[in-house]
Amino acid sequence: MITTTDLSKVYRTKDRDITALDGVNLHVAQGEMYGVIGQSGAGKSSLIRCVNLLETPTSGSVTVDGRELTALARRGSRGRPKRPTPQLRAARSSIGMVFQHFNLLSSRTVRGNVELPLEILGLTRRERSRKALELLDLVGLADKAGVHPARLSGGQKQRVGIARALAGEPKVLLSDEATSALDPETTRSVLRLLRDLNQQLDLTVLLITHEMDVVKSVCDSAALMRDGRVVESGTVPELLATPGSELARELFPLGGEVGGPERTAVDITFHGDTAAEPVVSRLSRAYDLDVSILGAAMDTAAGKQVGRMRIELPGRYEDNVVPIGYLREQGLQIEVLPATEPAAAPAVSAAAPATGLAPAAGASEPAPEVAK
């Protein structure tokens, strides 16, 4: 539904050129909820604005719903955008956009704000009113049609923004940090709404965000951007099953310091039914091992229960090949972490001999062990 190929965007200033996008290749399937995540300055907003050609790419192509939008754009001198062609305006009608800042007109009622794009489309007053009320009912705000935006909460304002974005019956919805200005509970409700719309309307949704919880909550696929490039992408289950995946580590962070060369640290990813199985206890009993649990996380991603756990086994990797093989046989994703070298022992001052006192507040305690 959305494909970018070698997409680049360079902003030219008097003093220097700033590369916001550097050869971005992305594919979003029809009906997919796709999250693009990255820190500020990673190029996320430039990407989403190039997808609907609010920004004209410096090079590369953008295809939405089978139409190459970059081929429909008219370029001025030095690649500057000119007024959109009629063909580009027609293609854009299948793309809705929700912004971080609601951009509602304070002088218009809620219904009036939703009617605005319908006026541009040339609908009659009766048609506009009927359509706006249908959309407000869809986002749960039918009772607020006659209210002005100043009397709405942040979450309600964003719902109006979503209704307005759906006015042209788009096939694609772009969301640029739509929940970043909302509190956690309101964020969850807006994300649930976007997921419901995605399923009810077979709507393809491209989300730009810097929040991992957004990706974890609603996205089928995700891409990580850094310095204008996509450094990792795939479906959420694929990412969680990829050893060394940076996105998987960020989605389900695990604490626990990895031990020295005489210990073997292993990250385990549980999917579906395996998430409820007592695999570690069985491992401990089957091989008579003292298994230390360094960290664990359990949550739902892409609608499925997923868990990650970091454990430590006594002995080097060579001593644990069979137990690790047992874990893999259970259908688990296993990643063996590199051992760390022991730090040099600090010198003990003669004036302050070792006392054997308990660790100070904040010092780490030994990892818990699973009984044999």
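In this structure, the pairs whose alpha-carbon distance is over 28 Å, taken from LYS44/LYS157; LYS144/LYS216; LYS14/LYS157; LYS171/LYS304, are LYS144/LYS216; LYS14/LYS157. Mean-square fluctuations from a GNM of the chain, with a 10 angstrom spring cutoff on Cα atoms, peak among ALA222, ALA73, ALA165 at ALA73. For region 71-179, trypsin sites (Lys or Arg not before Pro) are listed when DSSP marks them as loop and at most 15 other Cβ atoms sit within 10 Å of their Cβ; the list is ARG74, LYS82, ARG108. Model label points for GLN30 and ARG130, set 7 angstrom from Cα along the Cα-to-Cβ axis, are 2.8 nm apart. In order along region 224-232, the phi-based Karplus estimate (6.51 cos²θ - 1.76 cosθ + 1.60, θ = phi - 60°) of 3J(HN,Hα) comes to 9, 10, 8, 6, x, 10, 8, 9, 6 Hz; Gly and Pro are listed as x.
To the nearest 20 debye, what charge dipole does the chain have about its Cα centre, counting +1 at the Cβ of each Lys and Arg and -1 at the Cβ of each Asp and Glu?
Details: 44 positive and 45 negative charges, 560 e Å.
Using Cβ point charges on Lys, Arg, Asp and Glu, the chain gives about 2680 debye.
For region 94-109, putting each phi into the Karplus relation 6.51 cos²θ - 1.76 cosθ + 1.60 with θ = phi - 60° gives couplings of 8, 10, x, 9, 10, 9, 4, 9, 5, 6, 8, 7, 5, 7, 9, 6 Hz, in residue order, rounded to whole numbers and with x for Gly and Pro. Full extension of the chain between ILE293 and THR19 gives 94.2 nm of extra length, using 0.36 nm per residue less the Cα-Cα distance. When volume of the Cα convex hull per residue in Å³ is calculated for this entry, the matching label among (1) 204; (2) 219; (3) 144 is (2).
A straight chain from SER189 to ASP6 at 0.36 nm per residue would run longer than the Cα-Cα distance by 62.3 nm.
Length gained on full extension, GLU238 to GLN330: 31.3 nm, using 0.36 nm per residue less the C-alpha separation.
So for the chain: antiparallel DSSP bridges make up what percent, rounded to the nearest 5? Please report the intermediate quantities before stating the final value.
On the way: 46 of 64 bridges.
Counting DSSP beta bridges with both partners in the chain, the antiparallel share is about 70 percent.
Arrange the peptides 11-23, 192-204 so that the one whose residues have, on average, the most other Cβ atoms within 10 Å appears first.
On the way: 11-23: 12.7, 192-204: 16.5.
Listed from highest to lowest mean packing, they are 192-204, 11-23.
Between the amide H of ALA223 and those of GLY35, VAL36, ILE37, distances stay under 5 Å, these residues lying 5 or more places away or on another chain, with hydrogens modeled in the peptide plane. In order along region 25-40, phi translates into HN-Hα couplings of 10, 9, 9, 10, 6, 4, x, 8, 9, 10, x, 10, 10, x, 6, 4 Hz, rounded to whole numbers, per the Karplus curve 6.51 cos²θ - 1.76 cosθ + 1.60 with θ = phi - 60° and x for Gly and Pro. Note on MET298, MET225: ascending count of other Cβ atoms within 10 Å places them as MET298, MET225, the fewest first.
Counting only aspartates and glutamates at least 8 places from LYS131 when in the same chain, those with an alpha carbon closer than 18 Å to its own are GLU115, GLU119, ASP143, GLU169.
Here's how it looks for ALA265: its modeled amide H is under 5 Å from those of LEU313, LEU337, which are all 5 or more places away or on a different chain.
Sorted ascending by nearby beta carbons within 10 Å, beginning with the fewest, ILE208, ILE268 become ILE268, ILE208.
Applying both filters, DSSP loop and at most 10 other Cβ atoms within 10 Å, to the GluC sites (Glu not before Pro) of region 80-150 eliminates every site.
Since every read-out is calculated from the coordinates, none of them should be taken as a lab result. Since we're looking at a predicted model, the values are computed, not measured. Note that we place each Cβ from the backbone using ideal geometry, even for glycine, and neighbour counts take in every protein chain shown.
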